[in-house]
Amino acid sequence: MEKIVSLTKRRGFVFPSSEIYGGFANSYSYGPYGAELKKNIKDLWWKKVVQNRADMVGLDGPILLNPKLWEASGHTEGFNDAMVDCKECKKRYRADHLVEKATGKDLEGQLEEMTKVLKEEKVKCPDCGKSNWTDARNMNMMFKTQMNGFDGDVYLRPETAGAIFIEFKNIIDSMRVKVPFGIAQIGKAFRNEIVAGNFIFRLREFEQMEIEYFVDPEFKWEKMFEEWLEFQEEFAADLGAKKEDLRRYEHPKEKLSHYSKKTVDIEYKFPFGFSELFGLAHRGDFDLKSHSDASGQKLEYFDAQNNRRFTPHILEPTFGLDRSILVTLVSAYTEEKLEDGSERVVMKFPKKLAPVKCAIFPLLKNKPELVGKARELYDALKSQFMCEFDDNGNIGKRYRRQDEIGTPYCVTVDFDTLEDDTVTVRDRDTMEQQRIKIEELEGFLKDNLK
Ligand code: ATP
(Lines give C-alpha, C1' and ligand atoms only; values in the text may rest on other atoms or scores of the structure.)
Protein backbone atom coordinates (compact mmCIF):
# COMPACT_ATOMS: atom_id res chain seq x y z
CA MET A 1 0.00 0.00 0.00
CA GLU A 2 2.84 2.40 0.88
CA LYS A 3 4.37 1.84 -2.55
CA ILE A 4 1.07 2.62 -4.24
CA VAL A 5 0.48 5.73 -2.15
CA SER A 6 3.96 6.96 -2.97
CA LEU A 7 3.78 6.19 -6.71
CA THR A 8 0.36 7.77 -7.08
CA LYS A 9 1.61 10.98 -5.47
CA ARG A 10 4.91 11.10 -7.36
CA ARG A 11 3.24 10.41 -10.70
CA GLY A 12 0.21 12.70 -10.40
CA PHE A 13 -2.61 10.25 -9.66
CA VAL A 14 -3.63 11.06 -6.06
CA PHE A 15 -2.44 13.93 -3.85
CA PRO A 16 -3.17 14.34 -0.14
CA SER A 17 -5.41 17.39 -0.24
CA SER A 18 -4.69 20.81 1.34
CA GLU A 19 -1.07 19.79 1.83
CA ILE A 20 0.25 23.36 1.81
CA TYR A 21 -2.00 24.01 4.85
CA GLY A 22 -0.82 20.92 6.69
CA GLY A 23 -3.30 18.50 5.12
CA PHE A 24 -6.97 18.02 5.88
CA ALA A 25 -8.62 15.02 7.49
CA ASN A 26 -7.78 12.21 5.10
CA SER A 27 -9.03 13.99 2.00
CA TYR A 28 -7.44 13.56 -1.41
CA SER A 29 -7.34 15.23 -4.81
CA TYR A 30 -7.19 13.17 -7.96
CA GLY A 31 -4.29 14.61 -9.94
CA PRO A 32 -4.21 14.78 -13.75
CA TYR A 33 -3.78 11.01 -14.29
CA GLY A 34 -6.10 10.10 -11.40
CA ALA A 35 -8.82 12.34 -12.82
CA GLU A 36 -8.40 10.67 -16.19
CA LEU A 37 -8.54 7.18 -14.66
CA LYS A 38 -11.63 8.10 -12.64
CA LYS A 39 -13.36 9.45 -15.73
CA ASN A 40 -12.53 6.27 -17.69
CA ILE A 41 -14.00 4.09 -14.92
CA LYS A 42 -17.17 6.22 -14.80
CA ASP A 43 -17.50 6.12 -18.60
CA LEU A 44 -17.08 2.34 -18.67
CA TRP A 45 -19.70 1.89 -15.95
CA TRP A 46 -22.16 4.25 -17.68
CA LYS A 47 -21.62 2.51 -20.99
CA LYS A 48 -22.31 -0.93 -19.49
CA VAL A 49 -25.14 0.14 -17.22
CA VAL A 50 -27.00 2.78 -19.25
CA GLN A 51 -25.86 2.96 -22.88
CA ASN A 52 -25.84 -0.80 -23.55
CA ARG A 53 -29.14 -1.57 -21.83
CA ALA A 54 -32.63 -0.83 -23.05
CA ASP A 55 -34.01 -1.29 -19.51
CA MET A 56 -31.93 1.44 -17.85
CA VAL A 57 -31.97 5.26 -17.78
CA GLY A 58 -29.57 7.74 -16.21
CA LEU A 59 -30.08 10.55 -13.72
CA ASP A 60 -28.00 13.36 -12.23
CA GLY A 61 -29.64 14.63 -9.05
CA PRO A 62 -28.55 17.29 -6.54
CA ILE A 63 -26.44 16.86 -3.41
CA LEU A 64 -28.65 19.16 -1.34
CA LEU A 65 -32.16 17.71 -1.09
CA ASN A 66 -35.25 18.44 0.94
CA PRO A 67 -34.42 17.13 4.45
CA LYS A 68 -37.87 15.49 4.62
CA LEU A 69 -36.35 12.87 2.34
CA TRP A 70 -33.79 11.88 5.01
CA GLU A 71 -36.51 11.73 7.66
CA ALA A 72 -38.61 9.40 5.52
CA SER A 73 -35.63 7.18 4.67
CA GLY A 74 -34.66 6.89 8.35
CA HIS A 75 -31.27 8.59 7.95
CA THR A 76 -31.99 11.50 10.33
CA GLU A 77 -32.90 9.07 13.06
CA GLY A 78 -30.79 6.05 12.35
CA PHE A 79 -27.80 6.69 10.07
CA ASN A 80 -25.45 6.30 12.99
CA ASP A 81 -22.11 4.76 13.79
CA ALA A 82 -20.96 3.97 17.32
CA MET A 83 -18.06 6.03 18.60
CA VAL A 84 -15.93 5.78 21.69
CA ASP A 85 -13.13 8.01 22.99
CA CYS A 86 -9.96 7.05 24.80
CA LYS A 87 -10.02 9.18 27.97
CA GLU A 88 -6.22 9.07 28.16
CA CYS A 89 -5.08 10.21 24.71
CA LYS A 90 -8.45 11.58 23.47
CA LYS A 91 -8.34 9.51 20.26
CA ARG A 92 -11.72 8.62 18.79
CA TYR A 93 -12.64 5.21 17.34
CA ARG A 94 -15.50 3.24 15.80
CA ALA A 95 -16.56 1.23 18.86
CA ASP A 96 -17.78 -1.77 16.83
CA HIS A 97 -14.53 -1.94 14.83
CA LEU A 98 -12.46 -1.78 18.04
CA VAL A 99 -14.47 -4.57 19.68
CA GLU A 100 -14.39 -6.75 16.60
CA LYS A 101 -10.63 -6.35 16.17
CA ALA A 102 -9.95 -7.16 19.82
CA THR A 103 -12.45 -9.97 20.40
CA GLY A 104 -13.82 -11.09 17.02
CA LYS A 105 -17.35 -10.23 18.21
CA ASP A 106 -19.66 -8.37 15.83
CA LEU A 107 -21.69 -6.09 18.13
CA GLU A 108 -22.69 -3.46 15.54
CA GLY A 109 -25.73 -1.53 16.82
CA GLN A 110 -25.46 -2.80 20.43
CA LEU A 111 -24.09 0.20 22.34
CA GLU A 112 -24.34 -1.18 25.88
CA GLU A 113 -22.76 -4.48 24.93
CA MET A 114 -19.87 -2.69 23.24
CA THR A 115 -19.21 -0.53 26.28
CA LYS A 116 -19.29 -3.61 28.49
CA VAL A 117 -16.81 -5.53 26.35
CA LEU A 118 -14.44 -2.56 26.00
CA LYS A 119 -14.34 -2.07 29.77
CA GLU A 120 -14.57 -5.64 31.08
CA GLU A 121 -12.13 -7.13 28.60
CA LYS A 122 -9.83 -4.12 29.05
CA VAL A 123 -9.48 -3.56 25.31
CA LYS A 124 -6.41 -1.43 24.74
CA CYS A 125 -6.33 1.88 22.86
CA PRO A 126 -4.43 1.16 19.60
CA ASP A 127 -2.73 4.55 19.98
CA CYS A 128 -1.60 4.87 23.63
CA GLY A 129 -2.03 1.27 24.82
CA LYS A 130 -4.13 2.18 27.89
CA SER A 131 -7.67 1.02 28.59
CA ASN A 132 -9.81 3.90 29.83
CA TRP A 133 -12.89 4.32 27.64
CA THR A 134 -15.94 6.57 27.57
CA ASP A 135 -19.26 4.81 26.98
CA ALA A 136 -19.93 3.95 23.34
CA ARG A 137 -22.50 6.34 21.84
CA ASN A 138 -24.15 6.95 18.51
CA MET A 139 -23.09 9.65 16.11
CA ASN A 140 -25.16 10.61 13.09
CA MET A 141 -22.96 10.47 10.02
CA MET A 142 -24.69 13.12 7.93
CA PHE A 143 -22.99 16.50 7.38
CA LYS A 144 -25.27 19.39 8.29
CA THR A 145 -25.37 22.79 6.67
CA GLN A 146 -27.71 25.77 6.20
CA MET A 147 -29.26 27.17 3.07
CA ASN A 148 -30.60 30.66 2.31
CA GLY A 149 -34.37 30.58 1.90
CA PHE A 150 -34.79 27.42 3.93
CA ASP A 151 -35.51 27.18 7.65
CA GLY A 152 -33.68 24.46 9.52
CA ASP A 153 -30.82 22.09 8.84
CA VAL A 154 -30.00 20.82 5.40
CA TYR A 155 -27.76 17.76 4.81
CA LEU A 156 -25.14 16.82 2.27
CA ARG A 157 -26.56 13.57 0.88
CA PRO A 158 -25.05 10.50 2.58
CA GLU A 159 -25.78 8.33 -0.50
CA THR A 160 -26.90 8.98 -4.04
CA ALA A 161 -29.91 6.63 -3.89
CA GLY A 162 -32.26 9.16 -2.22
CA ALA A 163 -32.08 11.46 -5.24
CA ILE A 164 -33.22 8.54 -7.41
CA PHE A 165 -36.28 7.49 -5.35
CA ILE A 166 -37.74 10.99 -5.36
CA GLU A 167 -37.57 11.16 -9.17
CA PHE A 168 -39.32 7.81 -9.66
CA LYS A 169 -42.60 9.51 -10.59
CA ASN A 170 -40.96 11.99 -12.98
CA ILE A 171 -39.13 9.16 -14.73
CA ILE A 172 -42.20 6.99 -15.28
CA ASP A 173 -44.21 10.06 -16.39
CA SER A 174 -41.59 11.33 -18.84
CA MET A 175 -39.89 8.20 -20.18
CA ARG A 176 -41.26 5.07 -21.81
CA VAL A 177 -39.95 2.78 -19.10
CA LYS A 178 -41.68 -0.48 -18.25
CA VAL A 179 -41.12 -2.52 -15.11
CA PRO A 180 -38.61 -4.12 -14.78
CA PHE A 181 -36.33 -1.10 -15.34
CA GLY A 182 -33.56 0.71 -13.55
CA ILE A 183 -32.29 4.23 -12.86
CA ALA A 184 -28.54 4.79 -12.61
CA GLN A 185 -26.65 7.68 -11.10
CA ILE A 186 -23.03 8.63 -10.44
CA GLY A 187 -22.25 11.29 -7.88
CA LYS A 188 -20.80 12.49 -4.63
CA ALA A 189 -21.91 11.30 -1.23
CA PHE A 190 -20.77 12.58 2.16
CA ARG A 191 -20.43 10.69 5.43
CA ASN A 192 -18.89 12.05 8.57
CA GLU A 193 -16.98 8.82 9.18
CA ILE A 194 -15.63 8.55 12.72
CA VAL A 195 -12.33 7.26 11.39
CA ALA A 196 -11.47 7.76 7.73
CA GLY A 197 -8.43 5.97 6.36
CA ASN A 198 -6.74 3.30 4.32
CA PHE A 199 -5.92 5.89 1.64
CA ILE A 200 -8.97 6.38 -0.64
CA PHE A 201 -10.86 3.38 0.78
CA ARG A 202 -12.74 5.25 3.51
CA LEU A 203 -13.27 8.94 2.79
CA ARG A 204 -15.73 11.49 4.14
CA GLU A 205 -16.42 12.83 0.66
CA PHE A 206 -16.60 10.11 -1.97
CA GLU A 207 -18.39 9.04 -5.11
CA GLN A 208 -20.88 6.28 -5.69
CA MET A 209 -22.28 4.69 -8.82
CA GLU A 210 -25.72 3.42 -7.88
CA ILE A 211 -28.60 1.63 -9.53
CA GLU A 212 -32.18 1.32 -8.31
CA TYR A 213 -33.78 -1.50 -10.26
CA PHE A 214 -37.59 -1.68 -10.04
CA VAL A 215 -39.36 -5.03 -10.30
CA ASP A 216 -42.89 -6.38 -9.93
CA PRO A 217 -43.45 -7.55 -6.31
CA GLU A 218 -44.57 -10.89 -7.72
CA PHE A 219 -41.45 -11.25 -9.85
CA LYS A 220 -39.16 -14.17 -8.94
CA TRP A 221 -36.18 -12.01 -8.13
CA GLU A 222 -33.61 -14.64 -7.10
CA LYS A 223 -32.22 -15.21 -10.61
CA MET A 224 -31.92 -11.50 -11.29
CA PHE A 225 -30.22 -10.99 -7.92
CA GLU A 226 -27.60 -13.54 -8.97
CA GLU A 227 -27.21 -11.84 -12.37
CA TRP A 228 -26.55 -8.48 -10.72
CA LEU A 229 -23.94 -10.10 -8.47
CA GLU A 230 -22.28 -11.61 -11.52
CA PHE A 231 -22.41 -8.21 -13.21
CA GLN A 232 -20.65 -6.67 -10.21
CA GLU A 233 -17.96 -9.34 -10.29
CA GLU A 234 -17.54 -8.81 -14.02
CA PHE A 235 -17.15 -5.06 -13.44
CA ALA A 236 -14.50 -5.75 -10.78
CA ALA A 237 -12.71 -7.92 -13.38
CA ASP A 238 -12.96 -5.02 -15.86
CA LEU A 239 -11.03 -2.96 -13.30
CA GLY A 240 -8.31 -5.60 -13.29
CA ALA A 241 -9.32 -7.58 -10.16
CA LYS A 242 -8.34 -11.24 -10.21
CA LYS A 243 -11.05 -13.79 -9.47
CA GLU A 244 -9.22 -15.10 -6.42
CA ASP A 245 -9.12 -11.60 -4.91
CA LEU A 246 -12.91 -11.34 -4.88
CA ARG A 247 -15.42 -13.00 -2.58
CA ARG A 248 -19.05 -12.66 -1.61
CA TYR A 249 -20.25 -11.91 1.89
CA GLU A 250 -23.93 -12.48 2.55
CA HIS A 251 -25.33 -10.52 5.49
CA PRO A 252 -26.79 -12.96 8.03
CA LYS A 253 -30.60 -12.83 8.26
CA GLU A 254 -30.58 -11.45 11.82
CA LYS A 255 -28.43 -8.47 10.76
CA LEU A 256 -30.54 -7.49 7.73
CA SER A 257 -32.62 -4.32 7.83
CA HIS A 258 -36.28 -5.24 8.46
CA TYR A 259 -37.23 -4.53 4.83
CA SER A 260 -34.34 -6.35 3.12
CA LYS A 261 -34.82 -9.86 1.77
CA LYS A 262 -31.15 -10.34 1.00
CA THR A 263 -27.94 -8.30 1.05
CA VAL A 264 -24.58 -9.41 -0.34
CA ASP A 265 -21.30 -7.49 -0.38
CA ILE A 266 -18.65 -8.08 -3.02
CA GLU A 267 -15.40 -7.93 -1.11
CA TYR A 268 -11.93 -7.40 -2.56
CA LYS A 269 -8.61 -8.42 -1.07
CA PHE A 270 -7.17 -4.94 -0.49
CA PRO A 271 -3.60 -4.74 0.89
CA PHE A 272 -5.19 -4.34 4.37
CA GLY A 273 -7.46 -7.39 3.97
CA PHE A 274 -10.79 -8.37 2.42
CA SER A 275 -13.22 -5.41 2.59
CA GLU A 276 -16.42 -4.24 0.92
CA LEU A 277 -16.05 -3.04 -2.66
CA PHE A 278 -19.64 -3.20 -3.95
CA GLY A 279 -22.98 -4.11 -2.39
CA LEU A 280 -26.28 -5.54 -3.59
CA ALA A 281 -29.48 -5.34 -1.56
CA HIS A 282 -33.08 -6.39 -2.08
CA ARG A 283 -34.88 -3.44 -0.46
CA GLY A 284 -38.46 -4.58 -0.96
CA ASP A 285 -40.93 -1.69 -1.28
CA PHE A 286 -39.45 0.18 1.70
CA ASP A 287 -38.15 3.22 -0.18
CA LEU A 288 -41.08 3.94 -2.46
CA LYS A 289 -43.59 3.25 0.35
CA SER A 290 -41.75 5.49 2.85
CA HIS A 291 -41.47 8.39 0.39
CA SER A 292 -45.04 7.89 -0.69
CA ASP A 293 -46.31 7.98 2.92
CA ALA A 294 -44.17 10.98 3.85
CA SER A 295 -44.88 13.05 0.74
CA GLY A 296 -48.52 12.09 0.18
CA GLN A 297 -47.66 11.36 -3.48
CA LYS A 298 -48.51 7.98 -4.96
CA LEU A 299 -45.27 6.31 -6.04
CA GLU A 300 -46.81 3.41 -7.88
CA TYR A 301 -46.59 1.78 -11.26
CA PHE A 302 -49.53 0.97 -13.50
CA ASP A 303 -49.18 -2.21 -15.51
CA ALA A 304 -51.59 -1.42 -18.39
CA GLN A 305 -51.30 -4.87 -19.93
CA ASN A 306 -52.63 -6.62 -16.83
CA ASN A 307 -54.57 -3.66 -15.46
CA ARG A 308 -52.67 -3.79 -12.18
CA ARG A 309 -51.31 -1.04 -9.97
CA PHE A 310 -48.48 -1.80 -7.57
CA THR A 311 -45.51 -0.42 -5.66
CA PRO A 312 -42.42 -1.92 -7.30
CA HIS A 313 -39.78 -3.71 -5.24
CA ILE A 314 -36.19 -2.60 -5.57
CA LEU A 315 -32.88 -4.33 -6.19
CA GLU A 316 -30.03 -1.94 -5.41
CA PRO A 317 -26.57 -2.66 -6.85
CA THR A 318 -24.16 -0.05 -5.49
CA PHE A 319 -20.57 0.58 -6.55
CA GLY A 320 -18.02 2.75 -4.72
CA LEU A 321 -16.10 4.77 -7.29
CA ASP A 322 -13.10 5.61 -5.09
CA ARG A 323 -12.85 1.97 -4.01
CA SER A 324 -13.02 1.01 -7.72
CA ILE A 325 -10.08 3.34 -8.36
CA LEU A 326 -8.18 1.74 -5.49
CA VAL A 327 -8.83 -1.75 -6.91
CA THR A 328 -7.60 -0.57 -10.31
CA LEU A 329 -4.42 0.87 -8.80
CA VAL A 330 -3.73 -2.15 -6.59
CA SER A 331 -4.36 -4.67 -9.40
CA ALA A 332 -2.24 -2.73 -11.89
CA TYR A 333 0.83 -2.23 -9.69
CA THR A 334 3.60 -4.57 -10.90
CA GLU A 335 7.30 -4.79 -10.12
CA GLU A 336 9.32 -6.67 -12.73
CA LYS A 337 12.88 -7.88 -12.91
CA LEU A 338 14.16 -7.55 -16.46
CA GLU A 339 16.57 -9.83 -18.30
CA ASP A 340 19.43 -7.33 -18.01
CA GLY A 341 19.05 -7.43 -14.22
CA SER A 342 17.36 -4.04 -13.93
CA GLU A 343 13.92 -3.55 -12.41
CA ARG A 344 10.87 -1.66 -13.55
CA VAL A 345 7.59 -0.62 -11.98
CA VAL A 346 4.72 -0.77 -14.42
CA MET A 347 1.03 0.00 -13.93
CA LYS A 348 -0.65 -2.70 -16.00
CA PHE A 349 -4.02 -1.00 -16.23
CA PRO A 350 -6.62 -2.63 -18.47
CA LYS A 351 -5.83 -0.72 -21.67
CA LYS A 352 -9.27 0.88 -21.98
CA LEU A 353 -8.86 2.41 -18.50
CA ALA A 354 -5.28 3.71 -18.89
CA PRO A 355 -5.15 7.49 -18.30
CA VAL A 356 -2.82 8.06 -21.27
CA LYS A 357 -3.27 5.74 -24.24
CA CYS A 358 -0.27 6.69 -26.31
CA ALA A 359 2.95 8.65 -25.77
CA ILE A 360 4.77 10.17 -28.72
CA PHE A 361 8.51 10.80 -28.63
CA PRO A 362 10.97 12.33 -31.06
CA LEU A 363 14.14 10.23 -30.73
CA LEU A 364 16.25 13.37 -30.14
CA LYS A 365 15.16 16.67 -28.72
CA ASN A 366 17.67 18.76 -30.65
CA LYS A 367 16.68 17.60 -34.15
CA PRO A 368 13.91 19.94 -35.33
CA GLU A 369 12.88 17.60 -38.17
CA LEU A 370 12.21 14.77 -35.67
CA VAL A 371 10.49 17.06 -33.17
CA GLY A 372 8.32 18.59 -35.92
CA LYS A 373 7.26 15.18 -37.26
CA ALA A 374 6.48 13.87 -33.75
CA ARG A 375 4.41 17.00 -32.99
CA GLU A 376 2.50 16.50 -36.22
CA LEU A 377 1.71 12.94 -35.19
CA TYR A 378 0.68 14.03 -31.69
CA ASP A 379 -1.64 16.69 -33.15
CA ALA A 380 -3.22 14.14 -35.47
CA LEU A 381 -3.87 11.55 -32.74
CA LYS A 382 -4.83 13.68 -29.74
CA SER A 383 -8.45 14.20 -30.73
CA GLN A 384 -8.93 10.41 -30.87
CA PHE A 385 -6.91 9.24 -27.87
CA MET A 386 -5.51 10.75 -24.69
CA CYS A 387 -1.93 11.30 -25.89
CA GLU A 388 1.21 12.74 -24.42
CA PHE A 389 4.18 14.33 -26.16
CA ASP A 390 7.53 13.90 -24.42
CA ASP A 391 11.00 14.92 -25.57
CA ASN A 392 12.67 15.06 -22.15
CA GLY A 393 15.71 12.96 -21.28
CA ASN A 394 16.73 9.75 -23.00
CA ILE A 395 14.26 7.24 -24.43
CA GLY A 396 14.83 4.78 -21.57
CA LYS A 397 13.79 7.37 -19.01
CA ARG A 398 10.72 8.29 -21.05
CA TYR A 399 9.68 4.62 -21.23
CA ARG A 400 10.13 4.31 -17.46
CA ARG A 401 7.87 7.25 -16.82
CA GLN A 402 5.18 5.98 -19.19
CA ASP A 403 5.38 2.50 -17.60
CA GLU A 404 4.75 4.06 -14.20
CA ILE A 405 1.63 5.85 -15.43
CA GLY A 406 0.53 2.73 -17.34
CA THR A 407 0.58 4.04 -20.93
CA PRO A 408 -0.09 1.03 -23.20
CA TYR A 409 1.86 2.31 -26.24
CA CYS A 410 4.90 4.51 -26.79
CA VAL A 411 5.57 5.70 -30.33
CA THR A 412 9.02 6.93 -31.35
CA VAL A 413 9.77 9.08 -34.38
CA ASP A 414 13.36 8.46 -35.57
CA PHE A 415 15.48 9.08 -38.65
CA ASP A 416 13.92 6.16 -40.54
CA THR A 417 10.54 7.84 -40.07
CA LEU A 418 11.72 10.72 -42.23
CA GLU A 419 12.59 8.24 -44.98
CA ASP A 420 9.74 5.72 -44.93
CA ASP A 421 6.94 7.16 -42.73
CA THR A 422 7.14 4.31 -40.22
CA VAL A 423 7.42 4.64 -36.42
CA THR A 424 8.49 2.33 -33.59
CA VAL A 425 5.60 1.24 -31.39
CA ARG A 426 6.55 -0.22 -28.02
CA ASP A 427 4.12 -2.35 -26.04
CA ARG A 428 3.91 -1.58 -22.28
CA ASP A 429 3.47 -5.17 -21.12
CA THR A 430 5.74 -7.16 -23.45
CA MET A 431 8.15 -4.26 -24.11
CA GLU A 432 8.32 -5.57 -27.68
CA GLN A 433 8.80 -3.04 -30.43
CA GLN A 434 7.43 -3.10 -33.96
CA ARG A 435 7.57 -0.80 -36.96
CA ILE A 436 4.20 0.49 -38.07
CA LYS A 437 3.32 2.80 -40.95
CA ILE A 438 2.03 6.15 -39.70
CA GLU A 439 -1.12 5.83 -41.80
CA GLU A 440 -1.91 2.54 -40.00
CA LEU A 441 -1.21 3.82 -36.49
CA GLU A 442 -4.70 5.11 -35.69
CA GLY A 443 -6.29 1.79 -36.73
CA PHE A 444 -3.69 -0.15 -34.75
CA LEU A 445 -4.43 1.85 -31.60
CA LYS A 446 -8.20 1.54 -32.08
CA ASP A 447 -7.92 -2.25 -32.43
CA ASN A 448 -5.59 -2.70 -29.50
CA LEU A 449 -7.09 -0.34 -26.93
CA LYS A 450 -10.46 -2.07 -26.65
P1 ATP B 1 -18.69 0.26 4.93
O2 ATP B 1 -19.29 -0.95 5.63
O3 ATP B 1 -17.34 0.01 4.30
O4 ATP B 1 -18.76 1.52 5.75
P5 ATP B 1 -21.27 0.64 3.77
O6 ATP B 1 -21.85 -0.74 3.86
O7 ATP B 1 -21.66 1.66 4.76
O8 ATP B 1 -19.65 0.55 3.69
P9 ATP B 1 -22.92 1.40 1.58
O10 ATP B 1 -23.79 2.24 2.42
O11 ATP B 1 -23.43 0.08 1.11
O12 ATP B 1 -21.51 1.19 2.33
O13 ATP B 1 -22.38 2.27 0.38
C14 ATP B 1 -22.26 1.78 -0.95
C15 ATP B 1 -20.84 1.80 -1.45
O16 ATP B 1 -20.26 3.09 -1.27
C17 ATP B 1 -19.91 0.84 -0.71
O18 ATP B 1 -19.98 -0.46 -1.25
C19 ATP B 1 -18.57 1.48 -0.91
O20 ATP B 1 -17.99 1.06 -2.13
C21 ATP B 1 -18.87 2.96 -0.99
N22 ATP B 1 -18.55 3.65 0.27
C23 ATP B 1 -19.29 3.64 1.40
N24 ATP B 1 -18.71 4.39 2.36
C25 ATP B 1 -17.57 4.90 1.80
C26 ATP B 1 -16.54 5.77 2.28
N27 ATP B 1 -16.58 6.28 3.50
N28 ATP B 1 -15.53 6.07 1.44
C29 ATP B 1 -15.48 5.57 0.18
N30 ATP B 1 -16.43 4.76 -0.32
C31 ATP B 1 -17.46 4.42 0.46
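The values are calculated or read from the model by the stated rules, or taken from the named source; none is laboratory data. Everything numeric here is computed off the predicted structure, so don't read it as measured data. Here Cβ is always computed from backbone atoms with ideal geometry, including for glycine, and neighbour counts include all displayed protein chains.
Odds and ends about this structure:
- Some residue of the stretch 274-290 being in a strand (DSSP E or B), more than 14 Å from the ligand (Cβ to nearest atom) and more than 27 Å from residue 198 (Cβ to Cβ): yes
- Filter pass, residue 157 being over 14 Å from the mean Cα position of the chain (by Cα) and within 13 Å of the ligand (Cβ to nearest atom): yes
- Of all the criteria given as (1) part of a strand (DSSP E or B); (2) within 15 Å of the chain's Cα centre (by Cα), the one not satisfied by residue 327 is (1).
- A single member of 117, 50 is among the aliphatic types (A, V, I, L, M) and assigned by TED's automatic domain parsing to the domain that holds residue 230, and it is 50.
- For the stretch 301-316, the set of residues classified as closer than 27 Å to residue 186 by Cβ and in a loop (DSSP other than H, G, I, E, B) consists of 311, 312, listed by residue number.
- Tally, over the stretch 270-283, of residues that are free of Cβ contacts under 8 Å to residues at least 60 places away in the same chain and crowded, with 18+ Cβ neighbours inside 10 Å: 6
- Odd one out for residue 199, checked against (1) surrounded by 18 or more Cβ atoms within 10 Å (Cβ to Cβ); (2) out of contact with any His (no Cβ under 7 Å at 6 or more places or on another chain); (3) at negative phi: (3)
- The residue list 315, 370 contains one member that is farther than 30 Å from residue 204 by Cα and either crowded, with 20+ Cβ neighbours inside 10 Å or in contact (Cβ under 8 Å) with a residue 40 or more places away in the chain (or both), which is 370.
- Matching option when the condition is of a type in the set (Ser, Thr, Tyr), outside any loop (DSSP other than H, G, I, E, B) and without any contact (Cβ under 8 Å) to a residue 40 or more places away in the chain, among 412, 424: 424
- For the stretch 295-324, the candidate set comprises residues that are farther than 19 Å from residue 231 by Cβ and of a type in the set (A, V, I, L, M); within that set, the residue that is farthest from the ligand (Cβ to nearest atom) is 304.
- Among the residues of the stretch 352-361, not a single one is aliphatic (A, V, I, L, M), over 35 Å from the mean Cα position of the chain (by Cα), buried (at least 17 other Cβ atoms within 10 Å of the Cβ) and over 16 Å from residue 426 (Cα atoms).
- Counting only strands (runs of 3 or more DSSP E) that fall entirely inside the stretch 121-227 and contain at least 2 residues that are at pLDDT 95 or above and under 22 Å from residue 43 (Cα atoms), the qualifying elements are 181-190, 205-215.
- Of all residues in the stretch 219-241 being out of contact with any Lys or Arg (no Cβ under 9 Å at 6 or more places or on another chain) and of a type in the set (D, E, K, R), the one that is farthest from the ligand (Cβ to nearest atom): 220
- Meets criteria (within 15 Å of the ligand (Cβ to nearest atom) and in contact with a Gly (Cβ under 7 Å, 6 or more places away or on another chain)) for residue 184: yes
- Among the numbered conditions (1) in contact with a Pro (Cβ under 8 Å, 6 or more places away or on another chain); (2) modelled with pLDDT under 95, the only one that residue 342 does not meet is (1).
- Among the conditions (1) farther than 30 Å from residue 129 by Cα; (2) not assigned by TED's automatic domain parsing to the domain that holds residue 260, residue 90 misses just one, which is (1).
- Filter pass, residue 71 being among the acidic types (Asp, Glu), modelled with pLDDT of 95 or more, over 23 Å from the mean Cα position of the chain (by Cα) and closer than 30 Å to residue 161 by Cβ: yes
- Residue in the stretch 231-240 that is touching a helix residue (DSSP H, G or I) at 6+ places or on another chain (Cβ under 6 Å), touching a residue at least 60 places away in the same chain (Cβ under 8 Å) and buried (at least 20 other Cβ atoms within 10 Å of the Cβ) present: yes
- Test: residue in the stretch 201-215 that is closer than 28 Å to residue 178 by Cβ and free of Cβ contacts under 8 Å to residues at least 40 places away in the same chain: no
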